[in-house]
Amino acid sequence: MAHETTGNFLPASRAEMAARGWKQVDVVLVTGDAYVDHPSFGVALIGRLLEANGYRVAILSQPRHHLPDDFRQFGAPRLFFGITAGNLDSVVANYSGNAKVRDRDDYSPGGNPYFGDQAEKKLRRRPDRATILYSNLAKAAFPDVPVVLGGIEASLRRFVHYDYQQQRLRGSVLTDAKADLLIYGMGERAVLEVAARLAKGLDLAGIPGTCERLSHKEMAARRISAPLVLPSWAEIQAKLPLFLEAELIVDRQARAYNDAPLLQYQQAAWVVQHQPAQPLDTAALDGLYSLPFSRIPHPACGDVPAWRMIRDSITIVRGCCGNCSFCAISRHQGPKVISRSKESVVQEAQRLAGRKDFSGTISDLGGPTANLYGTGCSSPQPCTRHDCLYPKVCKFMKIDEQALLGLLEAVEGCGGVKHLFVSSGLRMELLSRTPRLLRKLLLHHTPGAMKIAPEHTEDKVLRLMHKPGSAVLEEFLALCREIGKKAGKSFHFTPYLIASHPGCTLADMERMAVRLAALGLAPRQFQDFTPTPGTISTAMYVTGLDCEKMAPLPVAKKDSERRAQRQALGFQGDDLASSPGKSRQPPGPGHMRPGAARGRSEKPGEQRQGNKGKNDAKADQGRGKLRRKTGHDG
């Protein structure tokens with residue numbers, strides 16, 4: 001490992017804070033992940049950004065959560081505690097899609113999810129619903145210090161949401177945690193505004209990209225103009241289809257970048273979502289990735305498997321305009337695609353290649369969808385949909401084939417770079433429109449088999465997934481094989497597939513097996529659909545309704561039903577390929593997102609699962625019935 005001294009990191013202990021001569025820090029960032037100072041880890045990005053703006057920042061990584069003692073080690077921060085569950089929702093990190101306890105956490109030292117060798121829930125490094133528990137502990141340690149929630153868990157649980165481990169709806173994480181503020185989406189602009197206001201002694205009202213928790217009295221005094229009011233907790237409990245209605249409103253609001261506030265009444269308070277923060281532009285994104293990351297785990301964390309998967313990767317793009325129903329990337333990172341400049345990416349490649357521990361291979365030049373790099377919109381009017389790929393590629397979408405081609409050529413020309421791969425997601429319908437790029441990727445930049453993400457082959461299921469029809473896959477494979485024939489090469493593909501998606505039946509899976517065989521594709525990777533917070537597919541799973549037609553649709557909820565769909569593809573075990581890496585949850589800033597299902601590399605999310613805790617998970621008990629009651633962690 002290149003650096004073993006702690007001076008290259010943000011302080012992660014009282015001793016490191018003292019070594020800098022600090023008597024107090026401004027901000028303590030608390031995370032459920034091991035501390036890895038790499039831009040693919042959200043807490044490292046936010047920490048370095050605050051540091052670059054003059055704030056003293058400490059990192060509290062995977063604190064013990066039975067007492068508030070760890071939260072006191074830096075003393076009371078001058079400004080606030082920033083709380084995140086880590087790069088994954090803690091329930092996704094701790095449980096498989098069928099609610100079985102995971103025996104591995106790649107974001108923890110050595111992949112061990114426990115403090116020590118005893119596999120007890122109280123000893124897990126990342127507690128369930130970590131955002132709530134960490135917030136409570138921060139308040140217990142220093143009641144007067146503001147607590148600000150952020151990261152993927154807080155962002156996607158900001159309104160009424162479904163918790164698949166508890167198999168019931170829950171209220172907003174902001175009201176459960178009783179925190180002072182929640183930052184949703186990509187938090188760079190909002191967190192700087194929060195820090196600046198608190199430094200000046202100002203309140204936190206109305207900051208773009210944030211949610212507040214207000215009482216009736218506070219709501220009346222605030223006089224929020226022209227809000228959109230979501231169905232309340234009580235209304236959703238009384239009429240379950242309103243849960244789908246609420247999710248569709250949130251989705252439309254997010255894709256439109258609508259400035260109107262969103263309100264939702266919980267059990268005893270209002271959640272107010274203010275207008276979204278403006279996405280970073282190219283210059284700001286370049287600046288973020290130029291910060292002085294050490295790119296390695298803190299020495300106290302030892303080996304972190306997730307880091308090993310992304311240590312030599314580079315993020316080139318943020319956001320996704322695909323809006324797949326099962327995916328939270330558009331909801332969290334935003335539907336607007338922002339690309340880094342070629343100069344910025346090349347500079348990072350040069351820094352990477354200059355490291356003593358560099359292997360000579362850049363493992364990924366990517367992001368949520370690598371070949372969205374350089375794309376844009378030519379619409380003469382501001383777009384309110386940002387839905388560029390469904391049901392077909394939008395006529396206003398600007399596709400710049402040369403942008404990614406030029407970037408690949410520039411990076412592979414950097415001294416010390418022997419191999420350059422693109423392991424992230426690739427949209428097949430765009431590759432079919434950029435044959436020169438496709439040829440270059442197939443011949444020079446694909447590590448082994450190209451990962452593609454048809455998800456399914458049956459059009460009725462693809463419609464529910466918000467994916468183009470099956471013809472896209474057929475046309476793409478035909479083009480690839482034509483390129484291979486001319487080059488005298490045979491290409492291999494690993495298709496990612498989803499079983500048990502709402503609306504998918506056993507007959508659909510059997511037809512998919514036949515069609516894949518006819519196309520010459522072997523189904524090596526698949527996932528059982530996981531109803532994670534913040535997606536339209538989860539709302540369909542909960543309500544049993546088609547998101548477009550509002551008509552009933554079949555949903556496989558029982559273990560026996562889900563197992564039968566797996567077996568239709570020839571898989572016998574439970575959750576064979578289901579992992580945190582397949583949840584479609586972006587873990588925050590950076591491109592280390594959990595998901596190969598859009599063709600992106602397995603990276604840190606490809607975690608093995610065992611059967612530890614099988615009897616406690618009770619995955620088949622009540623899965624078909626929604627327990628309609630609230631819940632609090634305590």
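At a glance:
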{"quantity": "Among the residues listed as L45, L49, the single one being modelled with pLDDT of 95 or more, open to solvent by less than 10 Å² (accessible area, probe 1.4 Å) and outside any loop (DSSP other than H, G, I, E, B)", "calculated": "L45"}
{"quantity": "Pairs, first on the phi < 0 side of the Ramachandran plot in segment 382-396, second in a loop (DSSP other than H, G, I, E, B) and open to solvent by 40 Å² or more (accessible area, probe 1.4 Å), C-beta under 7 Å, six or more apart", "calculated": "C388/C394; F396/S378"}
{"quantity": "S500 touching a strand residue (DSSP E or B) at 6+ places or on another chain (Cβ under 6 Å), at pLDDT 95 or above and open to solvent by less than 20 Å² (accessible area, probe 1.4 Å)", "calculated": "yes"}
{"quantity": "From the options Q264, Q237, residue that is touching a Leu at 6+ places or on another chain (Cβ under 8 Å), open to solvent by less than 20 Å² (accessible area, probe 1.4 Å) and either modelled with pLDDT of 95 or more or part of a loop (DSSP other than H, G, I, E, B) (or both)", "calculated": "Q264"}
{"quantity": "Residues satisfying the stated conditions in segment 504-549, i.e. small (G, A, S), in a loop (DSSP other than H, G, I, E, B) and crowded, with 24+ Cβ neighbours inside 10 Å", "calculated": "G534"}
{"quantity": "Contacts under 8 angstrom Cβ, first residue in segment 406-427 being under 19 Å from S341 (Cα atoms), partner basic (K, R) and at pLDDT below 95, 6 or more apart", "calculated": "S424/R600"}
{"quantity": "First in segment 259-272 and closer than 10 Å to W233 by Cβ, second anywhere and modelled with pLDDT under 95 and open to solvent by 10 Å² or more (accessible area, probe 1.4 Å), Cβ under 7 Å, 6 or more apart", "calculated": "Q267/T630"}
{"quantity": "Filter result (of a type outside the set (K, R) and assigned to a helix (DSSP H, G or I)) within segment 55-87", "calculated": "D69, D70, F71"}
{"quantity": "Pairs, first touching a residue at least 60 places away in the same chain (Cβ under 8 Å) in segment 329-357, second outside any helix (DSSP H, G or I) and of a type in the set (D, E, K, R), C-beta under 7 Å, six or more apart", "calculated": "I329/R584; I329/R593; Q333/R318"}
{"quantity": "Candidates L198, L230, L214 - the one that is open to solvent by 30 Å² or more (accessible area, probe 1.4 Å) and under 30 Å from the mean Cα position of the chain (by Cα)", "calculated": "L198"}
{"quantity": "Every residue from segment 88-117 that is among the polar types (S, T, N, Q), part of a loop (DSSP other than H, G, I, E, B) and at pLDDT 95 or above", "calculated": "S108, N112"}
{"quantity": "Qualifying residue in segment 475-487 (condition: under 28 Å from the mean Cα position of the chain (by Cα) and outside any strand (DSSP E or B))", "calculated": "yes"}
{"quantity": "Number of the exception - A85 against (1) buried (at least 21 other Cβ atoms within 10 Å of the Cβ); (2) without any contact (Cβ under 8 Å) to a residue 60 or more places away in the chain", "calculated": "(2)"}
{"quantity": "Qualifying residues in segment 420-466 (those that are over 18 Å from G484 (Cβ atoms) and over 26 Å from the mean Cα position of the chain (by Cα)) - the one least open to solvent (accessible area, probe 1.4 Å)", "calculated": "E458"}
{"quantity": "Unique residue being modelled with pLDDT of 95 or more, farther than 30 Å from L464 by Cβ, open to solvent by less than 30 Å² (accessible area, probe 1.4 Å) and among the hydrophobic types (A, V, I, L, M, F, W, C) when the list is V173, V147, V160, V250", "calculated": "V147"}
{"quantity": "Criterion (closer than 21 Å to L372 by Cα and either not acidic (D, E) or not in a helix (DSSP H, G or I) (or both)) met by exactly one of V417, V472", "calculated": "V472"}
{"quantity": "Criterion violated by S108 - all others in (1) open to solvent by 10 Å² or more (accessible area, probe 1.4 Å); (2) among the polar types (S, T, N, Q); (3) under 24 Å from V43 (Cα atoms) satisfied", "calculated": "(1)"}
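The values are calculated or read from the model by the stated rules, or taken from the named source; none is laboratory data. Keep in mind it's a predicted model, so treat the numbers as computed, not measured. Positions of Cβ are generated from backbone atoms using ideal geometry, with glycine treated the same way; all protein chains shown enter the neighbour counts. Only protein heavy atoms, including side chains, enter the accessible area calculation; ligands, DNA and RNA are left aside. Shrake-Rupley method; radii C 1.70, N 1.55, O 1.52, S 1.80 Å.
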